[in-house]
Amino acid sequence: MEHIDQLIEAHNDQTLPDHRESFGYLSQKLERRNIQVSSLIEKLQAFQIAVPSWALGTGGTRFGRFSGGGEPRSLEEKIADVGLLHALNQSAGAISLHIPWDIPQDVQAIRSLAASYGLAFDAVNSNTFQDQPDQKHSYKFGSLCHTDSKVRQQAIDHNLEVIKYGDALGSKALTVWLADGASFPGQLNFRKALQRTFESLQEIYGGLPEDWKIFVEYKPYEPNFYSTVIQDWGTSHLLASKLGDKAFSLVDLGHHLPNTNIEQIVATLMMQGKLGGFHFNDSKFGDDDLTVGSIKPYQLFLIFNELVEGMEDPNTINPSPAWMIDASHNLKDPLEDLLQSIEAIKIAYAQALLIDRAALEEAREQNDPTLAQEILQDAYRTDVRSLLAEARLRSGGSLEPINLYRKANVRQQLIQERGSKSISTGL
Ligand code: LRH
Ligand code: MN
C-alpha cells in the first residue's frame, strides 16, 4: 500500500500524547520494581511472528463461506498483505507458505518481493490431506501411513519437493501435519499405520538440508473422527525422538482435547529440547482456528510463562521455537484478525516477562499456592499494551495498527483493486 509509512507517521503524531502518558506511567512503575524497561522493549521488538499464507482470505466452514472481498489472488498479493501487516506492527516479519496452495512460479522474484517488505520465509507446509487434480494416487485413506507403498512414496516425494521450494526461498523448516487416521473402529491397524508413518518420515528426514528442521504437528481428530495416527504430543514426541536431532514437535493450540493442560506439554517438550514451534490460534470447542487470545487469554499467558522460563534459562537445550499463527477467518476482516492475533501473542509474552521468577520459585518451594497465584496474576493483570506500542514506535510501526487500518480504509482500497469477489487459495 503506497505511502503507508507517511500514514503511520501522521497517525502516530495524533496519538503520541496519549501514548507518552500511559507508557510513562507504566515505565516508572516497572523501573521502581527494578525491571529494565529498555531491554523489555528490545525483546518485544525482536519477537517476530510468521503469518500463514493460507489465512489472508476469508476461510469458511462446510456450512458456508462469506467472502469479505479484496482477498489476495496470488502469492505476490499475499506477500503484499503480510508486508502491510508488518509495516503496521513491525511484528509480522515472516510468512509461512503452504504447498501446493502457494507454489512460487519465479522463486527469485518472490524472494526479492518478500525482502522488499522486510519479510523472511518461515516453515513451509506440505499437503497430503487433499488430492490435487493431476494426482496419480488418492490420499482418501491416508498418505504416509497408507497401506499401498505407491501412495506412501507419492506423499514422501511431495514432502521432498516442498523442501526444495522452501530451500530455494530461504526457509529452514518443514511442517508435516497428517490427516491420516480412521473414522471407524477396526478400519486401521494402529501399529502398521504408525510404523509406516515413521518409516516414511525417515525418508523425508533424509532429504532435509543440514541446517533444516522438521516439525511434526499432532492433532486428536478431524478430518478423521475415530483415530488420527499422530494424535497427541506423545506420539509426535516419540516420532521426533526416533527421527533424530533435526526433528521437533509442533504445538497447534487448537489441536488439544478440551481442558488439556497445554502449558505443561510446552514445559515438558522444552525440557526435552524437542519444542519446535507453535501454530497460535484460539478455540472454544475443537480446532476452531479463532483469533489468538479471543477465548482463553489466561491459557496463552500461562503458556508464555513456561516459554519464558525455558528461554531465559541459560542451560536450556531447546532451540528458539518457530512462532507461527494458524487461523482461519469466517467473520472478521482477515488482516484485522491477524493484527489482533499478533497483538495478543505479544501481550502474553510481555506479561510473562514481567513475572517475578525468583519470588515465584520461592513461593513454589514453600508450597504457597496463594502467593504463587498472586505473583502470576500481578503480571497477567498488568496492562502492557503501551510497552508493545512503544516497541512498534521504536521500530517505525503504528501506535494503533487497527485504528489506522480502518482510518485508511485499507479493505475498501483492496476491494477496488482486487474486486469484491476475489478468493484467495487456502482454508
Ligand atoms: C490442520 C492444520 C495444519 C495445516 C492446516 C492448514 O488442522 O492446523 O497446520 O496444515 O491446519
Ligand atoms: Mn496447524
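FYI, it's all coordinate maths here, none of it is from the lab. These figures come from a predicted structure and were not determined experimentally. No Cβ is skipped: glycine too gets one built from the backbone with ideal geometry, and neighbour counts run over all protein chains shown.
Of the residues in region 215-234, how many are crowded, with 18+ Cβ neighbours inside 10 Å and more than 15 Å from ligand 2 (Cβ to nearest atom)? Within region 215-234, residues that are crowded, with 18+ Cβ neighbours inside 10 Å and more than 15 Å from ligand 2 (Cβ to nearest atom) number 3.
Considering region 79-118 alone, what residues qualify as being assigned to a helix (DSSP H, G or I) and closer than 22 Å to Pro321 by Cβ?
Going residue by residue through region 79-118, those that are assigned to a helix (DSSP H, G or I) are 79-89, 107-116.
Listed by number, the residues that qualify are Val82, Leu85, His86, Asn89, Ala114.
Of the candidates Phe285, Phe301, the single residue that is within 24 Å of the chain's Cα centre (by Cα), aromatic (Phe, Trp, Tyr) and surrounded by 20 or more Cβ atoms within 10 Å (Cβ to Cβ) is Phe301.
If you go through region 111-135 and keep only what is over 12 Å from Leu97 (Cβ atoms) and within 16 Å of ligand 2 (Cβ to nearest atom), you end up with Thr128, Phe129, Gln130.
Contact map, region 311-338: residues that are without any contact (Cβ under 8 Å) to a residue 24 or more places away in the chain paired with residues that are within 16 Å of ligand 2 (Cβ to nearest atom) and not β-branched (Val, Ile, Thr), Cβ distance under 9 Å, separation 6+ or inter-chain. Pairs shown: Met311/Pro321. Given the structure, is Leu75 closer than 22 Å to Ile342 by Cβ, without any contact (Cβ under 8 Å) to a residue 60 or more places away in the chain, touching a helix residue (DSSP H, G or I) at 6+ places or on another chain (Cβ under 9 Å) and aliphatic (A, V, I, L, M)? The answer is yes for Leu75.
Across region 194-231, the qualifying residues are those that are in a strand (DSSP E or B) and not aliphatic (A, V, I, L, M), and the one among them that is farthest from the chain's Cα centre (by Cα) is Ser227. Of all residues in region 211-265, those satisfying the criterion of being touching a residue at least 60 places away in the same chain (Cβ under 8 Å), touching an Asp or Glu at 6+ places or on another chain (Cβ under 8 Å) and either over 24 Å from Asp167 (Cα atoms) or more than 16 Å from ligand 1 (Cβ to nearest atom) (or both) are Lys219, Glu222, Val229, Gly254. Just to be sure before I move on: is Asn318 more than 16 Å from ligand 2 (Cβ to nearest atom) and in a helix (DSSP H, G or I) in the structure I sent? No: the conditions fail for Asn318. Which pairs do you get when a residue that is on the phi > 0 side of the Ramachandran plot, found in region 405-427, comes within reach of a residue that is more than 16 Å from ligand 1 (Cβ to nearest atom), reach meaning Cβ atoms under 8 angstrom, with the pair 6+ apart or on two chains? These pairs meet every condition: Gly419/Gly69; Gly419/Gly70. Among the residues making up region 238-267, those that are closer than 21 Å to Ile345 by Cβ and either more than 16 Å from ligand 2 (Cβ to nearest atom) or not in a loop (DSSP other than H, G, I, E, B) (or both) are Phe248, Ser249, Leu250, Val251, Asp252, Asn261, Ile262, Glu263, Gln264, Ile265, Val266, Ala267.
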